[in-house]
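Take a look at the structure set out below.
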Amino acid sequence: MSTTATLSSVETASVTPAALPPPGQPDIAYAPDREKWQARVARRLAQGGLTKSLPEGFPQQLEGDLVWEGQTLAEKYAWTYVLSEAQLAEIDAAVEHFKSLNLTSGHVSSKTFPLPTLHAELRRLSRELHRGHGFFVLRGLQPDKYSRADNVLIYTGISSHIADKRGRQDHKFNGAPADVVLTHIKDLSEKKSPGSGNSNSSTVIGSPAYTTDRQVFHTDSGDIVSLFALETALHGGASKLASTWRVYNEIARTRPDLIHTLAENWDVEVFDHVAGKEWSTRPLVFHQPASPSTPERVILQYARRYFVGFGALPRSHNIPPITEAQAEALDTLHFLGEKFCVNTSFEKGDIQYVNNLAVFHARDGFVDGEGKHRHLLRLWLRDSENAWPTPEVLQPRWEQLYDGVTPEASVLPLEPYIRSASNKAR
């Protein structure tokens, strides 16, 4: 596993069998194929008739700190914030304080997990998420020093100073209704699921998050996606981030017709069926004009598997297939994400925070072994003070995430399980 060629094969490996496409679907799978993308681009350009102008009101080019390229970003932005010994001691004191309150984990907040001096820095970093470069990494925690419960407490406590709202990532736990606000990202393809009661084999997994496969460029749900690395892989598993705004600028400059495609309605599969329907209809890209208090913005919200399926959850045959233009747009987003991305060098103990509306992310494939098994904790967050306005068509989804989440109903599982939206056995 020491050669570049072997490492490269890990980064792009797909061990999960491809999901079967629905009738009439273009030739596109979850794993992007550069040659197929280039052939589709050439074919559609040769056919002609593609619009040369952007949708009305959309910007020719976005500007600001959110427009960046991975190759040059380190020259102007230091995204890693290293916690000092005094700050780490303050975190330990907050752990003991919270425990003294005899509250359940759902009650963690900036008040019950006090960080008197670190708080101001975390609020500054929240502003960086919303008004600056759109991501940062906290470094310095040592997960091996703590129990699993204390790691969950530390992660949730620190995050409560960055954003006050935790979003639902699942609506049930152990078969009962619950607000599951923390999930685990780990290869579960050969393990049992303590939370769902189902076997976590390849026959039920419908998301790459629970495999060693690479995850292609996508967004999660909500305003902020955060990951805490309890352990890294033996090989591979690099975390990659790309500026949505830089990708938008490139597409707007070279292929304005694809901005039309992304801004038009798509049939988006709803895998967990919380709302009792198989799909919703909405754009993937949203434009927000400048206001007296906010700059002009473009928002991207999409995940490739909702249009092409993954593993045990193929795209439903009841949903209309995507078009050739939509297939090209999906590949264009991914390959431009690869072109402009930065590798955050995610290390054990790091916590990564990402503006999920302006930065999308991917992960290389990986190999576990020799006592190293990649294991991340994930939160979906919203900061009431700094949050961007939610596009109207996304409002129902945001209400599912954030509305009515109570400390009493909140569940922060200590062990991994496959959440409902990624589980065929749901």
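See the values below:
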read-out: Hey, Lys111 under 26 Å from His375 (Cβ atoms), free of Cβ contacts under 8 Å to residues at least 60 places away in the same chain and of a type in the set (Lys, Arg) or not; value: no
read-out: Qualifying residues in segment 214-269 (those that are basic (Lys, Arg) and farther than 20 Å from His133 by Cα) - the one modelled with the lowest pLDDT; value: Arg214
read-out: Test set (1) touching a residue at least 60 places away in the same chain (Cβ under 8 Å); (2) over 28 Å from Asn355 (Cα atoms) - Ala327 fails condition number; value: (2)
read-out: Residues satisfying the stated conditions in segment 369-396, i.e. surrounded by 21 or more Cβ atoms within 10 Å (Cβ to Cβ), in contact with a Ser or Thr (Cβ under 8 Å, 6 or more places away or on another chain) and either among the small types (Gly, Ala, Ser) or not in a loop (DSSP other than H, G, I, E, B) (or both); value: Leu377, Leu379, Trp380, Leu381
read-out: Residues located in segment 115-140, provided they are touching a residue at least 60 places away in the same chain (Cβ under 8 Å) and not in a helix (DSSP H, G or I); value: Gly132, His133, Gly134, Phe135, Phe136, Val137, Leu138, Arg139, Gly140
read-out: Residue within segment 161-170 that is surrounded by 19 or more Cβ atoms within 10 Å (Cβ to Cβ), within 23 Å of Ser221 (Cα to Cα), at pLDDT 95 or above and acidic (Asp, Glu) present; value: no
read-out: Answer residue from segment 239-273, given it is among the acidic types (Asp, Glu) and under 18 Å from the mean Cα position of the chain (by Cα) and is farthest from Arg315 (Cα to Cα) among those; value: Asp272
read-out: Residues satisfying the stated conditions in segment 310-340, i.e. modelled with pLDDT under 95 and either under 17 Å from the mean Cα position of the chain (by Cα) or in a helix (DSSP H, G or I) (or both); value: Phe310
read-out: Flag if Asn151 is more than 25 Å from Ile351 (Cα to Cα) and either surrounded by fewer than 23 Cβ atoms within 10 Å (Cβ to Cβ) or in contact (Cβ under 8 Å) with a residue 60 or more places away in the chain (or both); value: no
read-out: Search result, residues across segment 376-426 that are under 21 Å from Val204 (Cβ atoms), at pLDDT 95 or above and among the basic types (Lys, Arg); value: Arg378
read-out: From the options Glu347, Glu408, Glu399, Glu338, residue that is acidic (Asp, Glu), touching a residue at least 60 places away in the same chain (Cβ under 8 Å) and more than 19 Å from Leu241 (Cβ to Cβ); value: Glu408
read-out: Search result, residues across segment 93-114 that are within 18 Å of Lys165 (Cβ to Cβ) and assigned to a helix (DSSP H, G or I); value: Ser105, Gly106, His107
read-out: For Ala290: the one exception among (1) free of Cβ contacts under 8 Å to residues at least 60 places away in the same chain; (2) within 30 Å of Pro177 (Cα to Cα); (3) more than 24 Å from the chain's Cα centre (by Cα); value: (2)
read-out: Residues being surrounded by fewer than 24 Cβ atoms within 10 Å (Cβ to Cβ) and either at pLDDT below 95 or in a loop (DSSP other than H, G, I, E, B) (or both) - total across segment 348-364; value: 4
read-out: Boolean, Asn343 is under 18 Å from the mean Cα position of the chain (by Cα), under 26 Å from Trp79 (Cβ atoms), crowded, with 22+ Cβ neighbours inside 10 Å and not hydroxyl-bearing (Ser, Thr, Tyr); value: no
read-out: Failed criterion for Asn198 (all others in (1) at pLDDT below 95; (2) buried (at least 18 other Cβ atoms within 10 Å of the Cβ) hold); value: (2)
read-out: Looking only at segment 142-162, and only at residues there that are part of a helix (DSSP H, G or I) and among the small types (Gly, Ala, Ser), the one that is nearest to the chain's Cα centre (by Cα); value: Ser159
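The values are calculated or read from the model by the stated rules, or taken from the named source; none is laboratory data. Fair warning: this is a prediction, and the values are worked out from it, not measured in the lab. Cβ sites come from the backbone with ideal geometry, for glycine too, and all protein chains shown count toward neighbours.
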